[in-house]
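The next block holds one structure in the form of structure tokens; read it before the comments.
Every number in this text was worked out from the coordinates using simple rules, so none of it is lab data. Quantities reported herein were computed from a predicted structural model and do not represent experimental measurements. Every residue, glycine among them, receives a Cβ derived from its backbone with ideal geometry; neighbour counts consider all protein chains shown.
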Amino acid sequence: MKTFLKNNGLCICFILLFIGSLIGQIFLGFKEHNKELIEEGGKIISLSSYLTSGHFFQSTFENWESEFLQMALFVVFTIFLKQKGSSESKKIDEPEEVDREPDPNRKDAPWPVKKGGFILQLYKHSLTIILLLLFAISFVFHFYGSLKDENEKLLLEGKPLETITSYIANSRFWFESFQNWQSEFLSVFAIVMLSIYFRQIGSSQSKPVDAPHMETGE
């Protein structure tokens with residue numbers, strides 16, 4: 001158990017933080033949504049009903065969507081874009097280990113590398129593919145939740161409901177997306193730029209404390 005915790009501590013820590021934050025979001029979102037329903041003349045719903053409501057889906061997946069988009073773009077852009085001095089960038093003029101072609105004869109190489117062909121081509125881009133897939137799934141669920149939440153409000157107000165085709169051009173949906181996208185892009189810019197001049201001893205996201213500012217990479 002100690003070995004397992006030592007080898008997987010980073011993932012365990014963040015999945016526990018995720019679960020704790022999600023629980024907090026559920027209960028506080030449930031309370032906030034019911035308050036809004038009362039103010040709009042609606043009836044209080046149960047916790048189980050809240051978990052299938054548009055409010056829950058919209059508030060959850062609009063954040064997941066922006067996270068996966070940010071990570072996918074960061075992975076792709078760091079292939080060919082560089083930032084001198086940043087620990088988040090490949091070195092400016094030096095070859096990198098990640099750029100070399102995979103060796104099927106390497107000890108314990110993953111099976112797609114040994115398989116070769118089309119399977120290897122997919123595997124060479126699998127991180128970008130899975131992140132974009134998760135973004136697409138989150139985008140769809142965000143749209144579903146936002147549309148459902150909007151129609152729940154319109155129903156209380158006795159107004160015509162939105163359709164899928166009409167809501168895709170709705171400013172509310174795109175406002176929800178862009179307000180999250182901009183914060184994610186800012187956070188990437190911040191870690192790329194701040195890692196040039198600031199350090200954290202012991203972190204893989206920082207250069208050595210005594211490294212020159214303009215030295216790129218770890």
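Local charge for ARG199 was computed over the other residues whose Cβ lies under 10 Å away, with Lys and Arg +1 and Asp and Glu -1, and equals 0. Can you give the angle from 0 to 90° between the axis of helix 54-80 and the longest principal axis of the chain, with both taken from C-alpha atoms, to the nearest 10? Around 20 degrees separate the two axes. Charge dipole (Cα centre; +1 on Lys/Arg Cβ, -1 on Asp/Glu Cβ; no other charges) of the chain amounts to roughly 660 debye. The magnitude of the dipole of the range 59-139, with charges of +1 and -1 set on the Cβ of Lys/Arg and Asp/Glu and taken from the Cα centre, is near 320 debye. For the chain, the longest principal axis of the C-alpha atoms and the axis of helix 2-39 are separated by about 20°. Calculated from the alpha-carbon coordinates, the range 86-165 shows an Rg and a Dmax of 22.7, 67 Å respectively.
Directionally averaged projected area (the range 145-218, Cα convex hull): 7.6 nm². The range 107-169 and the range 80-97 have Cα centres lying 30 Å from one another.
State the Kirkwood hydrodynamic radius of the chain in Å, one decimal place, computed from all pairs of distinct Cα atoms. With all distinct Cα pairs of the chain included, I get 21.1 Å. Projecting the Cα atoms of ILE12, PHE27, PHE141 onto the dipole axis of the chain, where Lys and Arg carry +1 and Asp and Glu carry -1 at the beta carbon, places ILE12 farthest toward the positive end.
To test your reading of the geometry: what angle, between 0 and 90 degrees and rounded to tens, separates the Cα axis of helix 171-197 from the longest principal axis of the chain? Here the helix axis deviates by roughly 30 degrees. Placing unit charges on the Cβ atoms only, positive for Lys and Arg and negative for Asp and Glu, gives the range 125-204 a dipole magnitude near 240 debye about its Cα centre. For the chain, the mean residue ellipticity at 222 nm estimated from helices alone is -22500 deg cm²/dmol, where every DSSP H run of n ≥ 4 contributes -39500 (n - 2.57) and the total is divided by all residues, rounded to the nearest 500.
Pairs exceeding 24 Å between alpha-carbon atoms, taken from LYS90/LYS207; LYS91/LYS124; LYS90/LYS114; LYS107/LYS207: LYS90/LYS114; LYS107/LYS207. Within the straight-line cut-off of under 18 Å between alpha carbons, the aspartates and glutamates reachable from LYS153 are GLU32, GLU36, GLU39, GLU40, GLU162, GLU176, sequence neighbours fewer than 8 places apart in one chain being disregarded. Put the Cα centre of the range 204-218 next to the Cα centre of the range 12-36 and the gap is 36 Å.
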